[in-house]
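The values are calculated or read from the model by the stated rules, or taken from the named source; none is laboratory data. It should be emphasised that the depicted structure is a prediction, and the values quoted were computed from it without experimental measurement. Cβ atoms come from the backbone with ideal geometry, glycine included; neighbour counts cover every protein chain shown. To get the accessible areas, we keep the full protein, side chains included, count just its heavy atoms, and leave off ligands, DNA and RNA. Shrake-Rupley method; radii C 1.70, N 1.55, O 1.52, S 1.80 Å.
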Amino acid sequence: MNKLDIDPTTVATVWHSMQSICREMRYVIDRTSQNFLISQLHDVSVGIWDAQGRTVAVPVGLPVQFLGTGFAVRDLVAKFGGNIHPGDVFLTNDPYHGGHCCHLPDWAFLRPIFHKGELLFFTLARAHQQDTGGAYPGGYFPNGFDIHSEGICIPPTKVVEKGVERTDIFDLIWNNVRFPEGVRIDNYAMLAATRRADQRIAALLDHYGKEKVLACVEQMTQRTEKAVREEIRKIPDGVYKGAAATDDDGTELDVPVWVRCTVTVKDDEITLDFSESDAQRKGFINAIYAATYGNAIAATILTFDPALADYHNEGTMRPIKVVAPAGLVVNCQYPATVGASPVNVGIQVMEAVLQALAQARPERAVAAWGKHRGDYVSSTDPRTGERYVRTSFDYDGSAGAVWGYDGYQGVSCMTALGAVNRGDVEEMEIRLPWRMEKYELVPDFTGAGRWRGGPGIQWIAVNEGSDGVIATGSSDGDEIQGFGALGGEPVPQCRTFIQRGDEEIRLKPHRLVQMKHGDVIDKRSSGGGGVGSPWERDPEMVREDVENELVSLQAARDVYGVVIDPQTLKVDHGKTSDLRASAAAARQ
């Protein structure tokens, strides 16, 4: 059908129906799963692709989990050929062998969607499982021998065939995880979400017919591609460079691992070339190509017009080329370990792209966000006698600033882009034997700027469970600071400590550390980077920050050049003007 035969209302209805179906899938998982990461933090992504692997709808999720799913769809179709039927569901978590999964805890259920016997779409539900086997509970083992030490590797496998569950396959899989009952519940939640998508898309096809629905999808793809190309034309042609590092790889300690990106803009296309990045490492920070692709695309999108946020699809990706040669830390090869890669080097991929694009398009500059500060505790709950693993994003700092706006406070790390929530303190204490003592924003613990980063956070909790082990996992930022843009200050360095009686033990990222009953964990997670010089910040905004205890009086004067009366908390505009003028003269 010619796209001109479709009225705008039908195009909008079909398009937003696809978006709504994805959100309904996510809601089903949120309401029926049990894993804290999925049900409370929403570490889950869903989407719709056509039978050729072209992206149709990806309204909300983690870029690393789903923007590279087209690769998996195409490989699945090639592998199973004519052996794909209505009612089938495929499961994979394998980074290699056609799975294209960012790391083993993120399990992906893919369901083909048929209309009158013809394969038209695939839908995906991918979520972070409670455990996936391997050497360490939760899957974050920093010094594994190879990918198999990180857990069970499931290549694209048919787990439901023509509507009938393959119980032998599921039993084999669940027998290789530590919490099979919980994982089973979460798997069924994800299966239910894909079934709901199947029903909704089938109803859409029945109502409008295949030709009209596919024509609407094609028209929206073309519209999005046109809009993205127009955005790229606003960027001056040229070559721009960015680089970012993670503190180490967890095996070769205290040796930074670098991601380097050369961004080439020409007319209405962008090439993101990571060829100068470090080689893949022994440690668990390696990323597969699909993960790098998803994070790189997402970082680029952050510099586009926000009005496009609800319309990204295959058309977004066509003008953007991602180059990452095999064997690098951004395109590792089997059997490299990848456990931390959604964060390290995932964050570094995004930072390198954004650092380069801040030079190209300063009016859309985005500074680095606060680093991820997760830890993964494995112990026993004395209230139940059962083992548990705690995996959370609760300790992350805040977002970096963007041109014109301060960074959001309290969002999780950059690669989640706000899709992952923080946990509820009471919920955490009910589920796990930890007592929270402090969880608050910290003054002067962010990148200052004309627009400052979101504030840093301090989180203190007491282990009321048994002795156990902490994996500091994909934490980062003790040594390497995220960038500030256009004269803004970088992300401050983070710190984590165990207080054990009179002894204070520092925990660095990517380590395994013994934990004792009664240990007090103190995590100090910095805020995001700033954009623009702090000396150009509106004095009234500085005053508000002082009033809200995000900036101290001393920092207001020394960092921002704003003099505030300590009694009235009002700006002394005369002294502020003199101080800023004197500083400007000194800089010249």
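Can you bin every Cα-Cα distance in the range 403-484 into 5 Å intervals starting at zero and give me the percent of pairs per bin, rounded to whole numbers?
P(r) for the range 403-484, in whole percents per bin: 3, 10, 16, 23, 21, 13, 8, 4, 1, 0.
What Kirkwood radius, in Å to one decimal, follows from the Cα pairs of the range 427-555?
Every distinct Cα pair counted, the radius reaches 16.1 Å.
What is the antiparallel percent of DSSP beta bridges lying wholly in the chain, to the nearest 5?
Antiparallel bridges: around 95 percent, rounded to the nearest 5.
Mind putting a number on the dipole of the range 54-153 about its Cα centre? Charges go on the C-beta only, +1 for Lys and Arg and -1 for Asp and Glu, and I need it in Debye to the nearest 20.
Using only the charged Cβ atoms, the result is roughly 420 debye.
Add +1 for every Lys or Arg and -1 for every Asp or Glu among the other residues with Cβ under 11 Å from the Cβ of Gly529, and state the total.
Neighbourhood net charge equals 0.
Under 16 Å Cα to Cα from Lys575, which aspartates and glutamates show up? Leave out anything in the same chain fewer than 8 places away.
Straight-line reach from Lys575, under 16 Å: Glu536, Asp538, Glu540, Asp558, Asp565.
Using alpha-carbon pairs under 8 Å, 6+ residues apart, how would you state the relative contact order of the chain in percent? Numbers along the way, then the final one.
Details: 1603 pairs, mean separation 73.1, N = 588.
Relative contact order, the chain: 12 percent.
Between Ala586 and Thr157, what length comes free when the chain is fully extended (0.36 nm per residue of separation minus the Cα-Cα distance, one decimal in nm)?
This chain segment gains 147.8 nm when fully extended.
Among residues other than Val44 whose Cβ falls under 10 Å from its Cβ, what is the net charge (Lys/Arg +1, Asp/Glu -1)?
-2
What is the dipole size for the range 277-428, taken about its Cα centre, with +1 at each Lys and Arg Cβ and -1 at each Asp and Glu Cβ, in debye to the nearest 20?
Once rounded to the nearest 20, the dipole reads 580 debye.
How high is the FRET efficiency from Arg431 to Lys241, r the C-beta distance, R0 60 Å, rounded to 0.05?
The computed FRET efficiency comes out at 0.85.
Put +1 on the Cβ of every Lys and Arg and -1 on every Asp and Glu Cβ in the chain; which of Ala555, His115, Thr303 then has its Cα farthest towards the positive end of the dipole?
The residue sitting farthest along the positive end of the dipole is His115.
Once the convex hull of the alpha carbons of the range 254-358 is built, what does its volume come to per residue, in cubic angstrom?
105 Å³
Could you state the principal axis extents of the C-alpha atoms in the range 461-525, from the largest down, to the nearest angstrom?
Principal-axis extents of the range 461-525 (Cα, largest first): 48, 21, 16 Å.
By average Cβ neighbour count within 10 Å, what is the ranking of 542-552, 365-375, 397-407 from highest down?
Highest-to-lowest ranking by the protection proxy: 365-375, 397-407, 542-552.
Set Lys and Arg Cβ to +1 and Asp and Glu Cβ to -1, take the dipole of the chain about its Cα centre, and tell me which of Ala340, Asn286, Ile320 lies farthest positive.
Among Ala340, Asn286, Ile320, the one farthest towards the positive end of the dipole of the chain is Ile320.
First compute the accessible area of the chain with a 1.4 Å probe, then give the percent of it belonging to carbon and sulfur atoms.
50 percent
Counting only DSSP beta bridges with both residues in the range 390-473, tell me the antiparallel percent, nearest 5.
100 percent
Provide Leu302, Leu76 ordered by accessible surface of protein heavy atoms (probe 1.4 Å), highest first.
Result, largest first: Leu302, Leu76.
Figure the gain on full extension for Ser466 and Tyr405 (residue separation times 0.36 nm, minus the Cα-Cα span) and round it to one decimal in nm.
Contour length minus Cα-Cα distance gives 17.5 nm.
Working only with C-alpha atoms, what are the Rg and Dmax values of the range 334-491, expressed in angstrom?
Cα only, the range 334-491: 17.3, 57 Å (Rg, Dmax).
Take every Cα-Cα distance within the chain, group them into 20 Å bins from 0 onward, and report for each bin the whole-number percent of pairs it holds.
Over the chain, the share of Cα pairs per 20 Å bin runs 21, 53, 24, 2 percent.
For the range 408-529, build the charge dipole from Cβ charges (+1 Lys, Arg; -1 Asp, Glu) around the Cα centre, then report which of Ser526, Ser466, Ile498 sits farthest towards its positive end.
Of the options given, the answer is Ser526.
Helix by helix, which DSSP H runs in the chain go 30 Å or more along their axis at the Cα atoms and have an average Kyte-Doolittle hydropathy of -0.5 or more?
Helices meeting the span and hydropathy rule in the chain are 8-32, 180-208.
How long is the gain from Asn548 to Asp565 if the chain were fully straight, where each residue apart is worth 0.36 nm and the alpha carbon distance is subtracted?
4.6 nm
Which of the pairs Lys523/Lys570; Lys234/Lys371; Lys234/Lys321; Lys241/Lys321; Lys79/Lys116; Lys282/Lys438 have their Cα atoms more than 26 Å apart in this structure? Mind showing how you got there, number by number?
Details: Lys523/Lys570 33 Å; Lys234/Lys371 30 Å; Lys234/Lys321 18 Å; Lys241/Lys321 16 Å; Lys79/Lys116 23 Å; Lys282/Lys438 37 Å.
Over 26 Å apart, Cα to Cα: Lys523/Lys570; Lys234/Lys371; Lys282/Lys438.
Per residue and in Å³, how big is the convex hull formed by the alpha-carbon atoms of the range 328-371?
Numbers: hull volume 2.9 nm³, N = 44.
Each residue corresponds to 65 Å³ of Cα convex hull volume.
Mind grabbing the accessible area of Trp535 for me, 1.4 Å probe, Å², rounded to tens?
About 60 Å², ignoring ligands and nucleic acids.
5 Å is the cut-off here: which amide hydrogens, built 1.01 Å from N in the peptide plane, fall below it relative to Asp572, excluding neighbours closer than 5 in sequence?
Under 5 Å from the amide H of Asp572: Val563, Ile564, Asp565.
Could you work out how far the C-alpha centroid of the range 56-128 sits from that of the range 362-386, in angstrom?
A separation of 27 Å, based on Cα centres.
Which FRET efficiency value, to the nearest 0.05, do you get for Ser20 and Asp305 by plugging their Cβ-Cβ distance into 1/(1 + (r/R0)^6) with R0 = 22 Å?
Efficiency for this residue pair is about 0.45.
Just to compare against my own numbers: the Cα pair-distance distribution for the range 1-150, 5 Å bins, whole % per bin, please.
Once binned at 5 Å, the Cα pair distances of the range 1-150 give 2, 9, 16, 19, 19, 15, 10, 5, 2, 1, 1, 0.
Taking the Cα centre of the range 420-550 as origin and charging only Cβ (+1 Lys, Arg; -1 Asp, Glu), how large is the dipole, in debye to the nearest 20?
Details: 16 positive and 25 negative charges, 96 e Å.
In total the dipole reaches around 460 debye.
Grab the other residues whose beta carbon is less than 15 angstrom from that of Trp369, score K and R as +1, D and E as -1, and report the net. List each step's numbers first, then the result.
On the way: positive: Lys371, Arg373, Arg422, Arg452; negative: Glu351, Asp396, Asp406, Asp476, Glu489.
That works out to -1.
What is the diffusion coefficient of the range 73-145 in µm²/s, taking the Kirkwood radius over Cα pairs and the Stokes-Einstein relation at 4 °C with a viscosity of 1.567 mPa s? Provide the component values of the computation, followed by the final result.
On the way: Rh = 13.7 Å.
Diffusion coefficient, whole number: 95 µm²/s.
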